[in-house]
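The next block holds one structure in the form of structure tokens; read it before the comments.
Any read-out appearing in this document is the output of simple, stated calculations on the displayed coordinates, not a laboratory observation. Owing to the predicted nature of the structure, the values given are computational and were not obtained by experimental measurement.
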Amino acid sequence: MSSTAPESDARRDVRHRIVLAAADLLHDGVDAVTTRAVAARAGVQAPTIYRLFGDKDGLLDAVAEHTMTVFSAEKAAVADAAGADGTDPVEALRAGWDATIAFGLANPDLFVIMSDPRRGRDSPAVAAGLHVLEERLRRVAAAGRLLVRESEAVRLVHAAGTGAVLAILAEPEGARDPALADAMWAALEAQVVVPERDVVPGADRPLRTAALTLRAGVDGLDRLSAGERAVLAEWLDRVVAGRGGSGSDAV
């Protein structure tokens with residue numbers, strides 16, 4: 001066997017040790033991540049860091065990517081388990097929200113780094129996290145509990161979560177109030193999720209709940225004529241009521 005593979009493995013091992021060392025130091029703030037401190041903790045020479053990462057920003061990018069990858073994998077495992085055991089999809093969505101808020105507050109400097117669009121836009125870890133969010137929202141939609149399109153819900157939840165964490169972190173460290181995230185969730189839920197009281201029971205609940213949501217806005221569909229709105233309203237009423245569309249009930 002040639003020496004290329006072992007050298008590559010050794011390089012990856014050194015890179016991994018440096019990333020883990022920098023990640024540990026980042027808990028004390030971004031200023032704690034100095035080349036000297038990282039090199040000492042990882043057991044390498046300082047020039048090795050520059051050779052592998054270019055500069056401090058390159059190292060911080062690698063640390064953020066690694067940590068977010070681990071977090072996204074954990075979220076994916078939790079989401080898969082929730083889907084398998086029949087956890088209420090809205091409860092699972094809220095659990096994901098809480099986990100993201102907790103992660104951001106526990107890793108403030110890392111979260112700020114990954115919230116920078118220039119860094120996060122091309123990040124596989126951020127993309128993986130958004131995929132988990134998409135899966136959670138798809139289950140909410142399948143249960144007939146989503147008020148907006150899935151793509152719009154993803155944008156709203158992601159923006160609200162990021163904004164909530166950054167707003168809390170902007171407060172003085174001793175005065176940070178996580179309750180802001182709860183208030184943000186309440187506002188977001190009202191815009192994205194069908195209230196439990198409006199959910200229609202039955203095996204065809206998703207379709208009937210969707211029909212109920214659309215029925216509430218029929219009168220405002222200006223692109224339809226008054227006659228078309230009346231026909232649509234009757235059809236939707238029948239879907240909500242669970243009546244068939246044949247025989248004397250047919251339009």
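Go through region 125-135 residue by residue and turn each phi into a ³J(HN,Hα) via Karplus (6.51, -1.76, 1.60, θ = phi - 60°); whole Hz please, and just put x for glycine and proline.
5, 5, 4, 5, x, 5, 5, 4, 4, 4, 5
Could you run the Karplus curve 6.51 cos²θ - 1.76 cosθ + 1.60 with θ = phi - 60° over region 16-25 and give me ³J(HN,Hα) per residue in whole Hz, x for Gly and Pro?
Coupling constants for region 16-25: 5, 4, 5, 4, 5, 5, 5, 4, 4, 5 Hz.
For n ≥ 4 DSSP H runs only, could you compute -39500 (n - 2.57) per run for the chain, divide by its residues and tell me the 222 nm figure to the nearest 500? Walk me through the numbers before you get to the answer.
Values: 12 runs with 179 residues, N = 251.
It lands at -23500 deg cm²/dmol.
Taking the chain as the reference, fit the longest principal axis to its C-alpha atoms, fit the long axis of helix 226-241 to the helix C-alpha atoms, and give the angle between the two in degrees, 0 to 90, nearest 10.
It works out to around 80 degrees.
Nearest 10 degrees, 0 to 90: what angle lies between the long axis of helix 150-169 and the longest principal axis of the chain (Cα atoms)?
Taking the Cα atoms of the chain, the angle to 150-169 is about 50 degrees.
Highest GNM mean-square fluctuation, the chain, Cα pairs closer than 10 Å: which of R119, R51, R215?
Answer for the Gaussian network model of the chain: R51.
Find the eigenvalues of the gyration tensor of the Cα atoms of the chain, then list the square roots of 5 times those eigenvalues as equivalent ellipsoid semi-axes, largest first, in whole angstrom. Please report the intermediate quantities before stating the final value.
On the way: eigenvalues 485, 81, 45 Å².
Equivalent-ellipsoid dimensions as semi-axes: 49, 20, 15 Å.
Using alpha-carbon positions, what is the distance between the centroids of region 16-55 and region 144-194, in Å?
33 Å
Mind running the shape call on region 1-98? Use the C-alpha gyration tensor, a ≥ b ≥ c as the square roots of the eigenvalues: rounded below 1.5 for a/c, prolate if a/b tops b/c, oblate otherwise. Show your work: numbers first, answer last.
Details: a/c = 3.90, a/b = 1.82, b/c = 2.15.
Note, shape of region 1-98 comes out oblate.
Please list the non-local residues whose amide H lies under 5 Å from the amide H of V193, H modeled 1.01 Å from N, same-chain partners needing a gap of 5 or more.
L147
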